[in-house]
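Enquirer: Sharing a structure below in structure tokens format, with a few things to ask.
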Amino acid sequence: MNRRTFLNSSAIAGGALLASQSRLFAHSHSGGHPKFGLGYAPHPGMFKALAGNDVIDQIKFAADQGFTAWEDNGMPRRSPNEQEAIGKTLADLNMQMGVFVAYGSFDTPTFANGDADTHKMILDQMRESVTIARRCNATWMTVVPGSIDQQNNQAEKWNRYGGPRLAQGYQFANVVDLLRRCAEILEPEDLVMVLEPLNEHTNHGGTWLQKSDQAYAVCRAVNSPACKILFDIYHQQITEGNLIPNIDHCWEEIAYFQCGDNPGRKEPGTGEINYRKVFDHIKSKNFTGVMGMEHGNSMKGADGERAVIAAYRKVDGSA
């Protein structure tokens, strides 16, 4: 072998080794656990038996297990310093920050009723959410637009604010108008509020937004990149089923997913949803966002936490 051949062979071998090492680095953290195929996002407390009570330690543990995102609904209740520390930790670990709750109402028609004082309060809360998002490097924030302002029988002609109950078309218009005003706050900051339809049968009776087609229509009416759908697979299995076709129908407006099996709202594999098929379908659409793990653990303690990780390995196909 001459010198040139030797150098070329060495370069090829070295390049192959570097490529192999790069692939290994790209698919694993320091602990050697491969990254998951979707951006599954645990939440505070999900791994506290294995990682301890400190949220930063829990995030680092999740990263070491191969998770690439984190979700914290209660972020607004944390101090500014803690919000910033979480954001820095996620950035250092190359993890996406999932949603926090910017505004959520379950039993009051806050969006639907057109009440000016209530709407001012919501807009102020959205402005505060911009500040929170900056601190923790968030892009998405959850909005639950209140309850239905509904006349249930002939005796109930007046709502709790002393005004007449509104027809559904007026409620829809009020919701869209307020969401447009929220979008005006978020859009210049490249932030996105994600509207979450909730099931009325098991968890949230009376909420205004319940079905995926309804959320799709609202987002089309708002017509802003700052207003999209949070498709919670658990809720929509209960509300409407037909998961994969409904995901396809409103795909252009979906920015975020959450999951949990049904019944029970625990990790995949504990209920009736075929999560392997659903996740494979979402992967096939090249989804690179977050899949929030908004559910409990089916078992307590360290064994239960290991079971959650194993369940996601199984349905993700990376076991």
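The values are calculated or read from the model by the stated rules, or taken from the named source; none is laboratory data. Computed from a prediction, not measured in an experiment: that's the story for all the values here. Positions of Cβ are generated from backbone atoms using ideal geometry, with glycine treated the same way; all protein chains shown enter the neighbour counts.
Enquirer: Being farther than 23 Å from residue 69 by Cβ, modelled with pLDDT of 90 or more and under 28 Å from the mean Cα position of the chain (by Cα): is that true of residue 131 here? Walk me through it before giving the result.
Expert: Numbers: farther than 23 Å from residue 69 by Cβ: no; modelled with pLDDT of 90 or more: yes; under 28 Å from the mean Cα position of the chain (by Cα): yes.
Here the answer is no, as residue 131 does not meet what is asked.
Enquirer: Which one of the conditions (1) free of Cβ contacts under 8 Å to residues at least 12 places away in the same chain; (2) assigned to a loop (DSSP other than H, G, I, E, B) does residue 261 fail to meet, given that it meets all the rest?
Expert: The number of the failed condition is (1).
Enquirer: State which residue is nearest to the chain's Cα centre (by Cα) when the search covers only the range 84-102 and only residues that are surrounded by 22 or more Cβ atoms within 10 Å (Cβ to Cβ) and of a type outside the set (A, V, I, L, M).
Expert: Checking each candidate, the answer is 98.
Enquirer: Among the residues of the range 247-278, which ones are closer than 16 Å to residue 195 by Cβ and either buried (at least 20 other Cβ atoms within 10 Å of the Cβ) or touching a strand residue (DSSP E or B) at 6+ places or on another chain (Cβ under 8 Å) (or both)? Spell out how you get there, then give the answer.
Expert: The initial filter retains those residues of the range 247-278 that are closer than 16 Å to residue 195 by Cβ, namely 247, 249-258.
247, 250, 253, 254, 255, 256, 257, 258, listed by residue number.
Enquirer: Now a separate question. Pull out all pairs, ordered by first then second residue, where Cβ-Cβ is under 7 Å, the residues are six or more apart or on different chains, the first lies in the range 181-202 and is within 29 Å of residue 260 (Cβ to Cβ), and the second is modelled with pLDDT of 95 or more and among the charged types (D, E, K, R).
Expert: 192/228; 194/228; 196/232; 197/211
Enquirer: Another question, if that's okay. With the structure loaded, tell me whether residue 241 is modelled with pLDDT under 95, of a type outside the set (Ser, Thr, Tyr) and surrounded by fewer than 20 Cβ atoms within 10 Å (Cβ to Cβ) or whether it fails that test.
Expert: Considered against the rule, which asks whether it is modelled with pLDDT under 95, of a type outside the set (Ser, Thr, Tyr) and surrounded by fewer than 20 Cβ atoms within 10 Å (Cβ to Cβ), residue 241 comes out as no.
Enquirer: Counting only residues that are farther than 29 Å from residue 279 by Cβ and more than 19 Å from the chain's Cα centre (by Cα), give me the helices (runs of 4 or more DSSP H) lying completely in the range 161-257 with at least 1 of them. Walk me through it before giving the result.
Expert: Numbers: elements: 168-186, 212-222, 233-239, 243-249.
The qualifying helices (runs of 4 or more DSSP H) are 168-186, 212-222.
Enquirer: Could you grab me the full set of residues in the range 68-81 that are surrounded by 16 or more Cβ atoms within 10 Å (Cβ to Cβ) and either over 20 Å from the mean Cα position of the chain (by Cα) or touching a residue at least 40 places away in the same chain (Cβ under 8 Å) (or both)? Before you say what the answer is, go through the steps one by one.
Expert: Within the range 68-81, the subset surrounded by 16 or more Cβ atoms within 10 Å (Cβ to Cβ) is 68-73, 75-76, 78.
Within the range 68-81, 69, 71, 72, 73, 75, 76 qualify.
Enquirer: Follow-up question, since we're still on this one. Against the condition among the small types (Gly, Ala, Ser) and surrounded by 15 or more Cβ atoms within 10 Å (Cβ to Cβ), how does residue 105 come out, does it pass? Outline the logic, then answer.
Expert: Details: among the small types (Gly, Ala, Ser): yes; surrounded by 15 or more Cβ atoms within 10 Å (Cβ to Cβ): yes.
Judged against the criteria, residue 105 is a match.
Enquirer: Are any of the residues in the range 58-66 touching a residue at least 24 places away in the same chain (Cβ under 8 Å), touching a strand residue (DSSP E or B) at 6+ places or on another chain (Cβ under 9 Å) and within 28 Å of residue 182 (Cβ to Cβ)?
Expert: Among the residues of the range 58-66, not one is touching a residue at least 24 places away in the same chain (Cβ under 8 Å), touching a strand residue (DSSP E or B) at 6+ places or on another chain (Cβ under 9 Å) and within 28 Å of residue 182 (Cβ to Cβ), which makes the answer no.
Enquirer: Report, by residue number, each residue of the range 125-138 that is at negative phi and either assigned to a loop (DSSP other than H, G, I, E, B) or of a type in the set (A, V, I, L, M) (or both).
Expert: In the first step, residues of the range 125-138 are kept if they are at negative phi; the result is 125-136, 138.
The answer is 126, 130, 132, 133, 138.
Enquirer: If I ask for residues that are more than 18 Å from residue 122 (Cβ to Cβ) and out of contact with any Phe, Trp or Tyr (no Cβ under 7 Å at 6 or more places or on another chain), which ones from the range 193-214 would you list?
Expert: 197, 199, 200, 201, 202, 203, 205, 206, 210, 211, 213, 214
Enquirer: Which residue out of 304, 292 is of a type in the set (Gly, Ala, Ser), in contact (Cβ under 8 Å) with a residue 60 or more places away in the chain and farther than 24 Å from residue 101 by Cβ?
Expert: Working: 292 fails: farther than 24 Å from residue 101 by Cβ.
Sole residue among the options that is of a type in the set (Gly, Ala, Ser), in contact (Cβ under 8 Å) with a residue 60 or more places away in the chain and farther than 24 Å from residue 101 by Cβ: 304.
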